[in-house]
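A short write-up of the structure that comes next.
The values are calculated or read from the model by the stated rules, or taken from the named source; none is laboratory data. Note that the structure is a prediction, hence the values are computed from the model and not measured. Neighbour counts run over all protein chains shown; Cβ positions are idealised from the backbone, glycine included. Just so you know, the surface numbers come from the protein's heavy atoms only, side chains and all, with ligands and any DNA or RNA stripped out. Shrake-Rupley method; radii C 1.70, N 1.55, O 1.52, S 1.80 Å.
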Amino acid sequence: MSPQPCWIRLTSRMSLLALLAALSAVTWSAPAQARTPGGIIGVGYYGHHGPPPWVDAACRFTAVHKPCVCALPAVAPLNETLGCSNTSQAWADLDAKNTCTRLCTHPANNPSGDGGTVARPGGSADGEVLFRGSGAVRRLQTGGYLGFVPYSEAPLGYGLDVAWVASAVVEATTVPWVFLEDLGPAIQWDDPKGTAAFVQAYSSERGVPEPIGACRNVLQVSCPLTDVKLGDRLQVCSGESEEDAKRIAQTSCAPLRYEALSRSWSPWALYGAPSEQPHRAASATVVAVGPGQFLGYVPSSLQVVGFHEDWTRLAEALLERTDGTTVWLAGPAEFYAPKAE
């Protein structure tokens with residue numbers, strides 16, 4: 001099997017104008033199937049600024065959740081959230097709290113600068129690699145490891161064995177992967193079953209890193225991560241089989257890049273259909289780069305998958321493509337405001 005191809009590389013050297021000019025030629029079709037149109041179901045903001053006035057005005061029912069406090073390693077530019085519904089006050093009340101819970105899922109940028117490292121403590125998972133909703137493990141300066149679960153205002157727990165903490169995070173999130181942050185190169189990983197797997201992003205200029213744990217099947221593949229400062233290659237190791245390592249290598253580049261990009265987007269709102277389950281991660285992201293200029297991203301693609309002047313049509317198309325219920329809205333909120341009549 002060949003490594004996942006690189007279709008487009010966005011670098012800091014490419015100007016925004018050149019990017020938009022290239023994307024303007026892309027034809028973005030409307031969703032193929034009819035679906036009930038969604039809407040903004042929640043926004044995050046600082047209380048002294050208030051929510052965007054145009055959002056408040058568009059909501060028939062609203063509710064405020066405060067304070068909204070994100071525990072480390074999450075970082076979000078907010079301390080209140082607004083639930084928005086055109087159906088009922090009950091949905092607005094629920095989405096006010098759910099929006100806080102879901103916006104507090106974005107971990108801080110990895111300060112160590114050693115690329116992204118993701119571990120799978122247990123056996124293989126069927127299908128492509130996805131990191132949506134995964135937790136994180138961090139090493140404490142005082143010793144030991146702390147687990148962090150998305151959608152929680154408090155750390156999961158503490159342990160001296162990194163593999164044990166990672167397994168607890170996976171069990172709590174039901175996502176087979178967990179991010180390893182601030183752990184450095186020397187990680188003592190106990191894998192008695194011999195089925196753990198790891199993905200390490202690195203720069204080829206610095207050389208190949210030492211594999212984490214005692215992995216019997218190790219391979220390196222190219223992966224365009226330089227635009228998110230994680231490097232240009234992936235090292236994949238699997239204790240399970242060579243086939244497992246190849247499958248991970250084929251499908252982990254795009255979602256790792258998406259997760260790295262999402263840490264800089266700072267989404268401020270959720271668009272889609274309300275749900276009683278706050279633990280389902282948004283399936284895609286709309287990023288505003290200018291007035292009437294919106295880009296779409298999905299975890300399974302290395303490309304910008306849509307460019308549109310109408311962000312609502314783009315959001316609906318992303319929901320259709322990913323079969324999701326919600327998408328993130330990122331970029332300046334004023335770019336999303338309706339045009340004045």
Scan the range 134-156 for residues that are open to solvent by 20 Å² or more (accessible area, probe 1.4 Å) and on the phi > 0 side of the Ramachandran plot and report the count. 2
Per the filter on the range 203-223, residues open to solvent by less than 20 Å² (accessible area, probe 1.4 Å) and farther than 15 Å from ASP244 by Cα are ILE212, CYS223
What pairs come up if the first residue lies in the range 301-317 and is under 13 Å from SER283 (Cα atoms), the second is open to solvent by 40 Å² or more (accessible area, probe 1.4 Å) and in a loop (DSSP other than H, G, I, E, B), and their beta carbons are under 6 Å apart, counting only those six or more places apart or on different chains? GLU316/PRO31; ALA317/PRO31
Considering residues that are among the acidic types (Asp, Glu) and assigned to a loop (DSSP other than H, G, I, E, B), the number found within the range 175-227 is 4
Kindly indicate whether any position in the range 269-291 is in a helix (DSSP H, G or I), in contact (Cβ under 8 Å) with a residue 60 or more places away in the chain, surrounded by fewer than 22 Cβ atoms within 10 Å (Cβ to Cβ) and of a type in the set (D, E, K, R). no
Right, GLU259: open to solvent by 10 Å² or more (accessible area, probe 1.4 Å) and either without any contact (Cβ under 8 Å) to a residue 60 or more places away in the chain or closer than 22 Å to TRP177 by Cα (or both) or not? yes
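Report the residue count in the range 235-248 for those that are open to solvent by less than 10 Å² (accessible area, probe 1.4 Å) and either without any contact (Cβ under 8 Å) to a residue 40 or more places away in the chain or not in a helix (DSSP H, G or I) (or both).
Counting residues in the range 235-248 that are open to solvent by less than 10 Å² (accessible area, probe 1.4 Å) and either without any contact (Cβ under 8 Å) to a residue 40 or more places away in the chain or not in a helix (DSSP H, G or I) (or both) gives 5.
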Inside the range 157-192, can you point out the residues that are open to solvent by 20 Å² or more (accessible area, probe 1.4 Å) and charged (D, E, K, R)? ASP161, GLU171, ASP182, ASP190, ASP191
Condition met for THR251 (buried (at least 17 other Cβ atoms within 10 Å of the Cβ), within 30 Å of SER203 (Cα to Cα), of a type in the set (Val, Ile, Thr) and in contact (Cβ under 8 Å) with a residue 12 or more places away in the chain): no
The one condition in (1) among the aliphatic types (A, V, I, L, M); (2) open to solvent by less than 30 Å² (accessible area, probe 1.4 Å); (3) farther than 12 Å from TYR258 by Cα that LEU302 fails to fulfil: (3)
Over the range 214-273, the set of residues of a type in the set (Phe, Trp, Tyr) and within 12 Å of GLY116 (Cβ to Cβ) is TYR258
